[in-house]
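Down below is the structure, laid out as structure tokens.
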Amino acid sequence: MNIVRGQLQDVFRDVFSDPALVLNDGMTAEDIEGWDSITHINLIIAIEKRMGVKFATAEISRLKEDSSSVGDLVELVAGKLKSSK
Amino acid sequence: MSLASLQFLTALLIVATAFPYLPGLRWRQATLAICNAGFVYLLIPNGASWLALGAFLASGYLTYLLLRKWPSRILLSIYLFLLVTTFLIIRKYEIVTMYLPESTLALAVSIVGLSYMLFRQIQFLVDAFEDQIDQASWWGYLNYQLNLFTLLSGPIQRYQDFQEQWNRLDIVLDDRHALRMAYFRLLMGLIKMTIIATLFQSIYQRSAEALSLPAGSAAQLAPISAIGHFFSVFYSYPLYLYLNFSGYCDIVIAGALLVGLILPENFDRPYLARNVIDYWTRWHRTLGFWIRDYLFLPLYKTIAERWPKRAESLAFLCYFFAFFVAGIWHGPTLNFVIYGLLQAVGVSAAKLWERHLLKRRGRVGLKEYLQSPKIRASAIAGTLHFECFSLLFFPADVPTTLHMLRTVWRSVI
């Protein structure tokens, strides 16, 4: 999980142009400046490219919900990487 | 049958009272299924409509089974194309009816809640194709599509959420306070829908009629009277629409809770939104989210993957496309297209303004701007008036709305 979190943090820093951004599992879109629908898709595309995973429409949507956190994203990506091995 | 009718409320209270005493899941599912079937029976007017509804439901489930066996994008695309075309024919959209013979159009097919059923069907099949739905039974699918609490006007619930609840049908109101609050919400919904909304509707109708008089008699309206009627139309219709629709949602959400179903919320104080983007996360939320997830996001994602450098600018095209569809989904006439396009203009303006502020003030400056109470109050007032203006085009056709505006103009000038 920590490796996945670290890789995602690099992607977040690129997409949000914030080299000081530190991710923690409890963070939501509210906690990160500029996390709107467009940035959300840019983030998804960047994660797909960097981590070699693919998200379904329903997953992209759920990750945008108010109750969704960075922890949910980490868990989802880790699950996808595990099942692809 | 209206949800505010005595028959519906009596039936709901009987079922809600009996529900906790029903022995097990099968009895509960059977009871709700009978209620769903009875509700649909009262709303479908003729044999042709029954046939069309049957074909709509059966084709959706058959396509689901085929997609599970052969997850083919071509199959999904062909089915969705046929589905949307059939919807446009049944709802008599000119874009397709102009190519059809009179005999086809003479068929009196009418399916209540078809627009909502269409969006649920698309969501169900896209999610099934992308392997986001566990085994869906015909029984569960039918009750999902014909669920009496969401049949007429939403909220648009995901199949996965419905399935999870349908397969348990637990008592979700597990203490007296929660139960009282559900009945209180039901009562508030009834009051909003039948008393307060009706009051604003009558105010709107009286003023709209006064402004819709033929051109010759318009001169009889004194300027002050014309302005009064204009503001009455301008504010009372949005109030009516909100109270009527949110009252309806209060009734169905509370009613569903009484029988173990949790529906998504559809409203979150929409007239306190600070811009049009914010507004669409508060007004008819499940429609806004559906449009975002199944139209805007896939379209923008495709564009951003192919033309990453031009994606930011092309996002505005996606806004216009998504809101154009949202507009015509409400009905086949030009006024709904105008309403949708006005929303796209509002969303684009909000996005451009945010980008401008970010460029000029940076992230810290933007945060300060957003936190200012004065700016927040002005933004809320501006958004409210923009939405009131957009809704001028919602209840009447374009010539009628323009005639009303001309009447006010002629009386004042």
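The values are calculated or read from the model by the stated rules, or taken from the named source; none is laboratory data. For clarity, every value in this text was computed on a predicted model and none was experimentally measured. Please note: Cβ atoms are built from the backbone with ideal geometry, for glycine as well, and neighbour counts cover all protein chains shown.
Go through the residues of region B:330-337 one by one and say whether even a single one is small (Gly, Ala, Ser) and within 13 Å of chain A (Cβ to nearest Cβ).
no
Could we say that residue B:358 is surrounded by fewer than 19 Cβ atoms within 10 Å (Cβ to Cβ) and either farther than 28 Å from residue B:227 by Cα or modelled with pLDDT of 95 or more (or both) here?
Considered against the rule, which asks whether it is surrounded by fewer than 19 Cβ atoms within 10 Å (Cβ to Cβ) and either farther than 28 Å from residue B:227 by Cα or modelled with pLDDT of 95 or more (or both), residue B:358 comes out as yes.
Which of the residues belonging to region B:16-35 are outside any loop (DSSP other than H, G, I, E, B) and over 27 Å from the mean Cα position of the chain (by Cα)?
If we filter region B:16-35 for residues that are outside any loop (DSSP other than H, G, I, E, B), which is where we start, we get B:16-21, B:25-35.
Within region B:16-35, B:17, B:18, B:19, B:20, B:21, B:25, B:26, B:27, B:28, B:30, B:31 meet the criteria.
Taking into account only those residues within region A:56-75 that are among the hydrophobic types (A, V, I, L, M, F, W, C) and facing chain B (nearest Cβ under 9 Å), which is nearest to residue A:27 (Cα to Cα)?
Initial filter on region A:56-75 (among the hydrophobic types (A, V, I, L, M, F, W, C)): A:56, A:58, A:60, A:63, A:70, A:73-74.
Adding the requirement that they be facing chain B (nearest Cβ under 9 Å) leaves A:56, A:58, A:60.
Details: A:56: 22, A:58: 21, A:60: 17 Å.
Within region A:56-75, the match that is nearest to residue A:27 (Cα to Cα) is A:60.
Working carefully through the options B:4, B:11, find the one that is touching a Cys at 6+ places or on another chain (Cβ under 9 Å) and closer than 23 Å to residue B:191 by Cα.
After ruling out the rest, the residue left standing is B:11.
The rows are residues; the columns are (1) in contact with an Asp or Glu (Cβ under 9 Å, 6 or more places away or on another chain); (2) under 30 Å from residue B:244 (Cβ atoms); (3) of a type in the set (A, V, I, L, M); (4) not assigned by TED's automatic domain parsing to the domain that holds residue B:21.
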| position | (1), (2), (3), (4) |
| --- | --- |
| B:95 | no, yes, yes, no |
| B:102 | no, no, no, no |
| B:109 | no, yes, yes, no |
| B:155 | yes, yes, no, no |
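Scan region B:267-301 residue by residue and report those that are outside any helix (DSSP H, G or I), within 11 Å of another protein chain (Cβ to nearest Cβ) and surrounded by 20 or more Cβ atoms within 10 Å (Cβ to Cβ). If you could, list the steps in order and put the result at the bottom.
Of all residues in region B:267-301, those outside any helix (DSSP H, G or I) come to B:267-269, B:273-275, B:280-284.
Still in the list and also within 11 Å of another protein chain (Cβ to nearest Cβ): B:268, B:280-281.
Passing the criteria: only B:280.
Go over the candidates B:364, B:398, B:347, B:408 one by one and state the one that is of a type in the set (Val, Ile, Thr), surrounded by fewer than 17 Cβ atoms within 10 Å (Cβ to Cβ), in the same structural domain as residue B:300 (by TED's automatic domain parsing) and touching a helix residue (DSSP H, G or I) at 6+ places or on another chain (Cβ under 6 Å).
Selected residue: B:398, the only one of B:364, B:398, B:347, B:408 that is of a type in the set (Val, Ile, Thr), surrounded by fewer than 17 Cβ atoms within 10 Å (Cβ to Cβ), in the same structural domain as residue B:300 (by TED's automatic domain parsing) and touching a helix residue (DSSP H, G or I) at 6+ places or on another chain (Cβ under 6 Å).
Residue B:348 - would you say it is assigned to a helix (DSSP H, G or I), within 14 Å of chain A (Cβ to nearest Cβ) and free of Cβ contacts under 8 Å to residues at least 60 places away in the same chain?
So residue B:348 fits the description; yes.
When you go through B:247, B:260, B:228, B:255 one by one, which is the residue that is without any contact (Cβ under 8 Å) to a residue 40 or more places away in the chain and not charged (D, E, K, R)? Spell out how you get there, then give the answer.
On the way: B:247 fails: without any contact (Cβ under 8 Å) to a residue 40 or more places away in the chain; B:260 fails: without any contact (Cβ under 8 Å) to a residue 40 or more places away in the chain; B:255 fails: without any contact (Cβ under 8 Å) to a residue 40 or more places away in the chain.
Only one candidate passes the filter, namely B:228.
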